[in-house]
1. Please identify, among 192, 131, 226, the residue showing maximal mean-square fluctuation in a Gaussian network model of the chain using a 10 angstrom Cα cutoff.
2. Determine which aspartates and glutamates satisfy two conditions relative to residue 38: a Cα distance under 18 Å, and not lying fewer than 8 residues away in the same chain.
3. Have a look at 115, 330, 163 and tell me which one the Gaussian network model of the chain (Cα, springs below 10 Å) gives the largest fluctuation.
4. What's the Cα-based Rg to Rh of the chain, Rh via Kirkwood?
5. Quick one: 3J(HN,Hα) in Hz for region 202-212, Karplus 6.51/-1.76/1.60 with θ = phi - 60°, rounded, Gly and Pro as x.
6. Tell me which lysines have Cα within less than 26 Å of residue 325's Cα, excluding those fewer than 8 residues away on the same chain?
7. As a test of the formula, what do you get for the chain when each DSSP H run with n ≥ 4 contributes -39,500 (n - 2.57) and the sum is divided by the residue count, at 222 nm and rounded to the nearest 500 deg cm²/dmol?
8. Across region 187-199, in residue order, what do the Karplus-derived ³J(HN,Hα) couplings come to in whole Hz, using 6.51 cos²θ - 1.76 cosθ + 1.60 with θ = phi - 60° and x for Gly and Pro?
Amino acid sequence: MKDSLESLRGEIAARVGRFSNEQEIDQLRVEYLGRKGKLTLMLRSLKEVPVKERPKIGNQLNRLRSYLEEQIETGLKELRVREKERLLREERIDISLPGSRLERGSIHPITLMMDEIIDVFLGMGFEIARGPDIEDDYHNFEALNIPKDHPARDMQDTFFVTDGRLLRTHTSPVQIRVMETRQPPLQIIAPGAVYRHDDDSTHSPIFHQVEGFMVDHHITFRDLKGVLTHFLHQIFQKEIKVRFRPSFFPFTEPSAEVDIECLLCSGKGSPSAQQSCRVCKGSGWLEILGSGMIDPSVFQFVGYSPEKFSGFAFGMGVERIAMLKFRIEDIRLFFQNDIRFLRQFR
Ligand code: PHE
């Protein structure tokens with residue numbers, strides 16, 4: 001017994017120390033401390049040792065067991081520390097490498113402009129209404145006092161769809177749709193896409209308008225002037241000069257074209273004696289929207305009494321305002337989706 005204890009001690013001393021992995025440790029544990037482990041068997045056969053020597057050998061065996069357990073414990077700890085160090089070493093991030101850039105999108109300038117316009121009107125208590133892009137002849141023309149054969153239909157080159165339907169040429173049909181279903185007081189804006197058979201640097205087959213109208217008892221031309229002047233001052237962020245010029249629309253009477261002083265030459269018309277302003281062609285004014293008092297015949301189409309109610313309406317081109325505000329010279333840029341153009345509006 002004494003001899004085998006000696007050799008076991010030697011064996012164990014040779015096996016402990018630096019372990020290269022956890023399996024090695026597990027194996028050692030099973031081999032010596034497992035149910036049939038060498039040390040376990042020896043402890044179990046202690047009862048065969050003469051009583052006199054038993055305490056001494058028992059004591060030595062127990063110390064050998066504690067020693068082995070301690071070695072296993074520290075061996076495991078060391079292994080874990082070494083593993084962590086290895087990971088830290090091998091997985092180190094090189095923070096000097098260039099990163100990969102995440103491309104950020106931007107809001108389309110027409111959406112930006114539209115939101116800005118809408119905001120000003122919401123601030124004045126207007127609410128938003130929408131109508132279909134595919135309209136019928138009645139809402140786009142007839143009820144707006146543009147009968148068949150009316151020369152005003154030539155002003156707008158219409159895209160016709162099947163079954164007498166068409167792509168709306170303006171947002172004015174939304175006036176009709178709202179008035180057909182609701183009673184005054186009304187204070188509405190109707191933003192959206194419109195379509196005309198037209199294509200050059202200032203005309204696009206699809207563009208956007210914001211329509212607006214107000215109907216109640218005693219609405220006058222002064223209300224129209226007040227609302228639109230306030231709107232234009234807000235949108236161009238200063239108290240630019242505004243002019244209401246007599247004009248004609250079948251659905252308003254009287255009608256007025258609204259001009260603002262030229263943003264480039266500040267209304268002077270010609271920056272020098274030889275040359276007239278490129279933007280306003282020397283007139284000093286820029287045409288910005290159409291407006292007028294809603295024609296009594298339109299009220300009759302929607303069943304309102306022109307005796308009881310009056311109202312004004314206006315319509316503006318969003319692209320035109322964006323072009324003037326951002327100094328963009330070709331309307332087609334808005335629809336080509338060239339990223340170099342679009343990212344300037346970030
Ligand atoms: N619908 C007209 C256009 O597209 C604009 C307008 C709207 C004029 C409302 C007067 C009143 O040109």
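1. Fluctuation is largest for 226.
2. 3, 6, 11, 24, 26, 48, 69, 70
3. Between 115, 330, 163, it is 163 that shows the largest mean-square fluctuation.
4. Here the Rg-to-Rh quotient is 1.61.
5. Whole-Hz 3J(HN,Hα) from phi for region 202-212: 10, 10, 10, x, 10, 8, 10, 10, 10, 8, x.
6. Cα-Cα hits under 26 Å: 225, 238, 241, 268, 281.
7. Counting only the DSSP helices, I get -12500 deg cm²/dmol.
8. 9, 10, 10, 10, x, x, 7, 9, 9, 9, 7, 7, 7
Rule-based calculations on the coordinates, nothing more; no lab input. Worth saying up front: this structure is predicted, and the values here are computed from it rather than measured. No Cβ is skipped: glycine too gets one built from the backbone with ideal geometry, and neighbour counts run over all protein chains shown.
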